[in-house]
Amino acid sequence: MKNKTLKSVAAGGLLDRRSFILSGLALSSTYPLAALSQATLEKPRSMPDNIGSELPQWMKVPGYGASEYGQPSGHEKHIKRYLEKNTPETSIFSIWHTPIANQRGIITPSGLHFSVSHNGIPDISPEKHQLMIHGLVDKPLKFDIESLMRYPIVSNINFLECAGNTAPNAVSFNALDQNCQELFGQISGSEWAGIPLKYLLQEAGLKPNAKWVIVEGADGGSHARSIPLSKLLDDAIIAMYQNGERLRPEQGYPMRLFLPGWEGNASVKWVHRLEVTDKPAFTKDESGLYSDILEDGRIERFSFHMGVKSVITHPSGKQQLPDKKGFYEISGLAWSGHGKIKYVEVSADGGLTWAKAHLDSPVLSKSLTRFHIPWQWQGHESTILSRATDEQGNVQPTRDKWREKYASYSFNHYNAIQAWHIDRDGKVKNVYV
Ligand SMILES: Nc1nc2c(c(=O)[nH]1)N[C@H]1C(S)=C(S)[C@@H](COP(=O)(O)O)O[C@H]1N2
Ligand SMILES: [Mo]
């Protein structure tokens, strides 16, 4: 081994990634990389001791056949969505969180995508579903799925985040002992494919005073939001496909509005009606839950962008580091509704010193971005943080700074720096710094 010098990049054991790889430590058995494997964090799996002994059973018999539609391994059944306790499965309003601390990379499997439905999930017959465009247009239009499918379809990898993601850290006076899924599970990343809405609006022909569009879903309860026309003529799509297949019912089958970078609530699922207007409608969905109450009592409406945000997923809340000290890789996700992530800084000493993490490619606009940094944990109590900056220069605020802006009970659009505390026994806990 030529180069065994590990370069430190910040206090608390953060290492330069290049020197870490060159040192060979990652591969050497004398310094095992205590990769934070989910196996040690979740239910233990039984590994066969097949070195020098008998062959395992599955090597002695033919396997079973594949099926028409594949499912995750039966050994991974414990990786599942989590249902918010105050929204029971049987109720029409339910919030399911994605297990982001089990995800690697930037794509969330469709079956694990987070899901928020205010009026239950409608069972829509695709052959009967229609999309209407009317209001301040020259020519009202009505499409069935077959006619829509003849338009050009574009695809992009984007995140979708509920405005209420990480609400417990916004409103709770004490940091709750919750895991990444409970705190950060209302975000997912997918490849979304659909028809640019500008094609359909241009075909309908917009009247000169057209400024807003009221977008309505076909769920009982008619979820509706007023969206500025400028966004719909920019990067909005009528999404039909998610990760290469038609949308899942939970995500809006057979079609949804998808607004890259904007709060999840505005991406109206099961969309069936677009009414072009000159002013917003102030629907229940935009005047109630999805308005932000500021510190001075004023109300901020139509705050659509999701701010720059990040979270360390490995290690994260309620996990247990397998070894009392040693090499770990800190890894997490960063995203911004304003564009691309420019860099992510990580601190292993509670925010005194910081080092830039490596960003995995691709780094895409309004998309989850995966970051990593090697870390040599000395076994001391440590607090690890991540702070993302986007290409427009937006930086994640501290929790105190975020709190200064909003009323104490306001919880939407929380994007403050997340801190995880690691005690001497390797237990990871949500903390405020
Ligand atoms: N028609 C309709 N659209 C909807 C909702 C809804 O209840 N009905 N929920 C909204 C909310 S609050 C969010 S965060 C996103 C969630 O999208 P997902 O369920 O695909 O994750 O959908 C939005 N679109
Ligand atoms: Mo939401």
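The values are calculated or read from the model by the stated rules, or taken from the named source; none is laboratory data. Quick caveat: nothing in here was measured; it's all calculated off a predicted structure. So basically every Cβ, Gly included, is an ideal-geometry build from the backbone, and we count neighbours across all protein chains shown. What goes into the accessible areas is simple: the full protein's heavy atoms, side chains included, and nothing from ligands, DNA or RNA. Shrake-Rupley method; radii C 1.70, N 1.55, O 1.52, S 1.80 Å.
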| field | Sparse-neighbourhood loop sites, chymotrypsin sites (Phe, Trp or Tyr not before Pro) in region 145-219 - DSSP loop, at most 14 other Cβ within 10 angstrom | value | Phe173
| remark: Dividing the helical contributions, -39500 (n - 2.57) per DSSP H run of n ≥ 4, by the residues of the chain yields a 222 nm value, nearest 500 deg cm²/dmol, of -2000 deg cm²/dmol
| query | By accessible area of protein heavy atoms, probe 1.4 Å, what ranking do Thr383, Thr166, Thr398, Thr5 get, highest first? | reply | Thr5, Thr398, Thr383, Thr166
| message | Taking the Kirkwood radius as the inverse of the mean 1/r across Cα pairs, report the Rg/Rh of region 245-365. | response | 1.07
| request: State which entries of Lys309/Lys356; Lys284/Lys318; Lys85/Lys284; Lys80/Lys142 exceed 27 angstrom in Cα-Cα distance in the structure shown. | output: Lys284/Lys318; Lys80/Lys142
| query | Ranked from highest to lowest mean number of other Cβ atoms within 10 Å per residue, what is the order of the peptides 67-78, 264-275? | reply | 264-275, 67-78
| said: Give me a comma-separated list of calculated 3J(HN,Hα) values for region 227-241, in order, Karplus coefficients 6.51, -1.76, 1.60 applied at θ = phi - 60°, integers in Hz, x for any Gly or Pro. | reply: 10, x, 4, 4, 5, 6, 8, 9, 10, 6, 10, 8, 7, 10, 10
| said: If I stretch the segment between Thr5 and Glu391 completely, what's the gain in nm (0.36 nm per residue apart, minus their alpha carbon distance), one decimal? | reply: 135.6 nm
| query | Dividing the Cα convex hull volume of region 353-417 by residue count, how many Å³ per residue is that? | reply | 136
| field | Residue-span extension gain [Asp123 to His380] - 0.36 nm each, minus C-alpha spacing | value | 87.2 nm
| field | When region 277-433 is reduced to its Cα atoms, the Kirkwood hydrodynamic radius in Å | value | 17.0
| message | Taking every DSSP beta bridge with both residues inside the chain, roughly what % is antiparallel (nearest 5)? | response | 95
| task | Measure off 7 Å from each Cα along the Cα-to-Cβ vector at Lys279 and Asp138, then give the distance between these two points in nanometres to one decimal. | result | 2.7
| message | My understanding is that a pair violates if its Cα-Cα distance is over 18 Å; which of Lys401/Lys429; Lys342/Lys429; Lys401/Lys427; Lys77/Lys269; Lys198/Lys231 do that in this structure? | response | Lys401/Lys429; Lys342/Lys429; Lys401/Lys427; Lys77/Lys269
| task | Can you tell me how much longer the chain between Lys207 and Ile21 gets when fully stretched, taken as 0.36 nm per residue apart minus their C-alpha distance, in nm with one decimal? | result | 61.0 nm
| Sparsely packed trypsin sites (Lys or Arg not before Pro) within region 131-200, loop by DSSP, other Cβ within 10 Å at most 11 | Arg150
| Qualifying chymotrypsin sites (Phe, Trp or Tyr not before Pro) in region 335-433, DSSP loop, other Cβ atoms within 10 Å at most 12 | Tyr409
| query | What nm value, rounded to one decimal, do you get for the distance between Lys356 and Glu191 when each label is placed 7 Å out toward the C-beta? | reply | 2.9
| query | Spin-label point model (7 Å from Cα, Cβ direction): what's the Tyr409 to Asn174 distance in nm? | reply | 2.2
| said: Report the rotationally averaged projected area of the chain based on its alpha-carbon convex hull, in square nanometres. | reply: 24.7
